[in-house]
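Asks: So that we are looking at the same thing, I have put the structure below in structure tokens.
The values are calculated or read from the model by the stated rules, or taken from the named source; none is laboratory data. On a predicted model such as this, the values are computed, not experimentally measured, just so you know. With ideal geometry, Cβ positions are generated from the backbone for all residues, glycine too; neighbour counts draw on all protein chains shown.
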Amino acid sequence: MSAEGQEQTAARLAQMPKQYRPTYERAMTGKSRKAAMHAFCAECCGYQIQEVYLCTDLGCPLYPYRPKSRVSPVASQSVREHVESTKAGQRVSQ
């Protein structure tokens, strides 16, 4: 890894909660796709793991593979309907 890459990695590690650092470091070795997905999703959701469960970004290329993706079909359908109606500019009643 270049010196610039090492600096960026060190800066990112310094900003993240300590409990997520080992996963990030494992992901950055390039040997664990699973760790890379966990690290990406955690960072994307602000290190709020509950938010990974609630992820609605169907456009994310990791959505079908993301950690915590085993959601009931009913919940999954509800998420799809919400996203589709939001894209169509409609409000979803709750």
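Asks: Can you find a residue that is of a type in the set (Gly, Ala, Ser) and out of contact with any helix residue (DSSP H, G or I) (no Cβ under 9 Å at 6 or more places or on another chain) anywhere in region 20-42? Reasoning before the result, please.
Replies: Taking region 20-42 first, the residues of a type in the set (Gly, Ala, Ser) are 27, 30, 32, 35-36, 39, 42.
Then drop every residue that is not out of contact with any helix residue (DSSP H, G or I) (no Cβ under 9 Å at 6 or more places or on another chain), which leaves none.
No, every residue in region 20-42 fails to be of a type in the set (Gly, Ala, Ser) and out of contact with any helix residue (DSSP H, G or I) (no Cβ under 9 Å at 6 or more places or on another chain).
Asks: Let me ask something else about it. Whether any residue in region 11-25 is at pLDDT below 95, loosely packed, with under 14 Cβ neighbours inside 10 Å, within 22 Å of residue 63 (Cβ to Cβ) and out of contact with any strand residue (DSSP E or B) (no Cβ under 9 Å at 6 or more places or on another chain) is what I want to check.
Replies: Checked against the condition, which is being at pLDDT below 95, loosely packed, with under 14 Cβ neighbours inside 10 Å, within 22 Å of residue 63 (Cβ to Cβ) and out of contact with any strand residue (DSSP E or B) (no Cβ under 9 Å at 6 or more places or on another chain), region 11-25 yields no hits at all.
Asks: Is it true that some residue in region 31-44 is over 14 Å from the mean Cα position of the chain (by Cα) and modelled with pLDDT of 90 or more?
Replies: yes
Asks: Something else now. If you take the residues of region 14-56 that are assigned to a loop (DSSP other than H, G, I, E, B) and touching a residue at least 24 places away in the same chain (Cβ under 8 Å), which of them is farthest from residue 1 (Cα to Cα)?
Replies: Here the residue is 56.
Asks: Tell me the residue from 2, 93 that is at pLDDT below 85 and either in contact with a Lys or Arg (Cβ under 9 Å, 6 or more places away or on another chain) or surrounded by fewer than 15 Cβ atoms within 10 Å (Cβ to Cβ) (or both), please.
Replies: Checking each option against the conditions leaves just 93.
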